[in-house]
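These notes concern the structure reproduced below.
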Amino acid sequence: MEHITVGKIVDVVADHYGLTLAEMYGPGRARSLSHPRQMAMYLARKRTGASLPQIAKYLRRADHTTIMHGIKVFEDRIKHGTQKKDLQQVEERLAQTPPMETINVTGYSAVSLKMSYKIKLPKPPAKPYVAKPRTCLACQNEFLPRHKHQFMCLDKQCLRKRRAA
Ligand SMILES: [Zn+2]
């Protein structure tokens, strides 16, 4: 049986609109945030067994009236065609996603937590080059390379031999 959680719905909606989970769960009121959020409310009601107060809690909204209002305005919008295509795409993706995650105590699904690790961390500074004695490929003498791509010594006699060769 298909098992879709509120957490998964939030993941898929956030990903569809390119929003972060902080934006999905946060207080921002811009349409670019409220419209996707209202889609999540609608889908949570339609596709999970969660009650309105539970959905409000998961989505960090004030109470069930926020969810009721959100679902109503979303339904009005899809009647007028706005967000309808987005809804179809999100529903297709929900159908494809295998049932795997459960909502943990933080309200973030396992998938959400995994997504948050996708954030690129700055690379640690490159390690300084520590020279180790190396055998010269031309004269077989040991020398201390100045950089890791140096394979032949700079000994004058060795250089002269190499030029002559
Ligand atoms: Zn050499």
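Label-to-label distance, TYR129 versus THR20, with points set 7 angstrom from Cα along the beta-carbon direction: 3.8 nm. Under 20 Å of direct C-alpha separation, and excluding same-chain neighbours fewer than eight residues apart, LYS8 reaches these aspartates and glutamates: GLU23, ASP86, GLU91, GLU92, GLU101.
Projecting label points 7 angstrom from Cα along Cα→Cβ for GLN150 and ALA62 puts them 7.1 nm apart.
Dipole magnitude for the range 1-95: computed about the Cα centre from +1 point charges on Lys and Arg Cβ and -1 point charges on Asp and Glu Cβ, it is near 260 debye.
Laboratory data are not the source of any read-out in this text; all were calculated from the coordinates shown. These figures come from a predicted structure and were not determined experimentally. Reconstructed Cβ throughout: ideal geometry from the backbone, glycine too, with neighbour counts over all protein chains shown.
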